[in-house]
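*Asks:* Provided herewith is a single structure, encoded as structure tokens, for subsequent inquiry.
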Amino acid sequence: MSLAHKLKKISIYFVPGKPYWRSVKHGDWKVQSAIGPFMGMHIKDRLYDNHYDKFDEEGLPIRMAEGKRVYNYTTICSYALANYELYLETGDRKYTEPLFKTLDFLKRKHETTPYNGIVFPGKQDSLSAMNQGEALAVIARCYELDPREELVELARKITLAYQYKVEEQGVLGQFEALKNTRWYEEKAVIPGKHILNGMCYATVGLRDISIAMSQLKEAEELWRAGLQYIKQALPLYDTGSWTYYWVADRDPHYIASMMYHNLHICQLNYLAKVTGDEEFAQWAGKFEKYSGSSLKRMSAGLQIIKGKWQKR
């Protein structure tokens, strides 16, 4: 990363700028969808900011590491979901092609658990509920466009991981600080580091698949349970002036960057919108006030810099 890029990332804490994430403000689409754009956010913005800059022969986005191709489930799924948003806006079927290419990739590239579930490992081969949720979001939209019965069984196997504990090769974690609160872990490790944005993505994936596939009752039950877990845990993510990226059972909590703080606000506003639960909106409003304060932004920026310096 260049010095200029690093300085730009730091400057946003001191000078307010355009937020990285934007919520969808209307639903004036050419194509009507019961599911809508993923998480109610303009993921299409990532198509225009060079987020997806390398592709393989099939047109799937890739990363390069030490001269080798890296296929990242989140990157691939988000690219498909960004294009799906353009499909809703334009009605042009060419924007559904990445969706079905991603579906084929998910069907080929996954692991099977001893309980016959399907999982998509993340970094260091740890399981990731975020990967599970974004895969479900892709499958839900494919099913809406082409309701094949085989996709119901695929989705059912993916949801199984939400029902098994981390130590059982699932993605269901447990807060040590909150005995009745479980978590769909973006990074399924013990001791836990409970990541807020990943939990929201994982939970909304369940919502999407339960809307597309009403016969998948377990997905709706897991979606409803996830909402309650998020509400129970939100006070722990409030620093009093910002949000935490993760709340850890044993290690120090980690403060959110500006981008992730902005993402938390968008995600909570979306949960408020689709559930009608004002508690989510109240938390989003509180966190938005934090980012509107120059002193709080600067304090968060200095903590981010300090944390990165200590890791060196």
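*Asks:* Return the pair list, or none, for Cβ contacts closer than 7 Å from residues in the range 89-113 that are in contact (Cβ under 8 Å) with a residue 40 or more places away in the chain to residues that are of a type in the set (Phe, Trp, Tyr), at least 6 apart or on different chains.
*Replies:* 89/29; 96/84; 96/87; 99/84
*Asks:* Then there is this: Can you tell me how many residues within the range 194-225 are of a type in the set (A, V, I, L, M, F, W, C) and either within 25 Å of residue 253 (Cβ to Cβ) or assigned to a strand (DSSP E or B) (or both)?
*Replies:* Number satisfying all stated conditions: 7.
*Asks:* Next question. List every residue pair whose Cβ atoms sit under 6 Å apart, with the two residues 6 or more apart in sequence or on different chains, where the first one lies in the range 234-248 and is β-branched (Val, Ile, Thr) and the second, anywhere, is surrounded by 20 or more Cβ atoms within 10 Å (Cβ to Cβ).
*Replies:* Every condition considered, the pairs that remain are 243/237; 243/256; 243/261; 243/264; 243/287; 247/194.
*Asks:* Here is a further query. Within the range 248-302, how many residues are buried (at least 21 other Cβ atoms within 10 Å of the Cβ), outside any helix (DSSP H, G or I) and not small (Gly, Ala, Ser)?
*Replies:* Of the residues in that region, 1 qualify.
*Asks:* For the structure I just gave you, tell me whether residue 157 is modelled with pLDDT under 95 and under 28 Å from residue 63 (Cα atoms).
*Replies:* The answer is no for residue 157.
*Asks:* Further question: Return the residues of the range 36-80 that are hydrophobic (A, V, I, L, M, F, W, C) and surrounded by 11 or more Cβ atoms within 10 Å (Cβ to Cβ); say none if nothing qualifies.
*Replies:* Step one: of the range 36-80, the residues hydrophobic (A, V, I, L, M, F, W, C) are 38-39, 41, 43, 47, 55, 60, 62, 64-65, 70, 76-77, 80.
Selection gives 38, 39, 41, 43, 47, 55, 60, 62, 70, 76, 77, 80.
*Asks:* Also, quick follow-up: Mind counting the residues in the range 156-193 that are outside any loop (DSSP other than H, G, I, E, B), crowded, with 19+ Cβ neighbours inside 10 Å and charged (D, E, K, R)?
*Replies:* Result for the range 156-193: 2.
*Asks:* Does the range 24-68 hold any residues that are in a loop (DSSP other than H, G, I, E, B) and on the phi > 0 side of the Ramachandran plot, and which are they? Please lay out each step first, then the result.
*Replies:* Step one: filter the range 24-68 for residues in a loop (DSSP other than H, G, I, E, B), giving 24-37, 42, 48-54, 56-60, 62, 66-67.
Residues satisfying the conditions are 36, 50, 59, 66, 67.
*Asks:* Would you mind stating whether residue 202 is modelled with pLDDT of 95 or more and farther than 18 Å from residue 246 by Cα?
*Replies:* no
*Asks:* Here is a list: 114, 121. Which entry is assigned to a loop (DSSP other than H, G, I, E, B), over 18 Å from the mean Cα position of the chain (by Cα) and of a type outside the set (Gly, Ala, Ser)? Let's see the steps before the verdict.
*Replies:* Numbers: 121 fails: over 18 Å from the mean Cα position of the chain (by Cα).
The match here is 114.
*Asks:* Condition first: of a type outside the set (A, V, I, L, M) and at positive phi. Can you find one or more residues in the range 154-165 that meet it?
*Replies:* Looking through the range 154-165, none of the residues is of a type outside the set (A, V, I, L, M) and at positive phi.
The values are calculated or read from the model by the stated rules, or taken from the named source; none is laboratory data. Bear in mind that the values here come from a model prediction, so they are computed numbers and not experimental data. Neighbour counts are summed over all protein chains in view; Cβ atoms, including those assigned to glycine, are modelled from backbone coordinates with ideal geometry.
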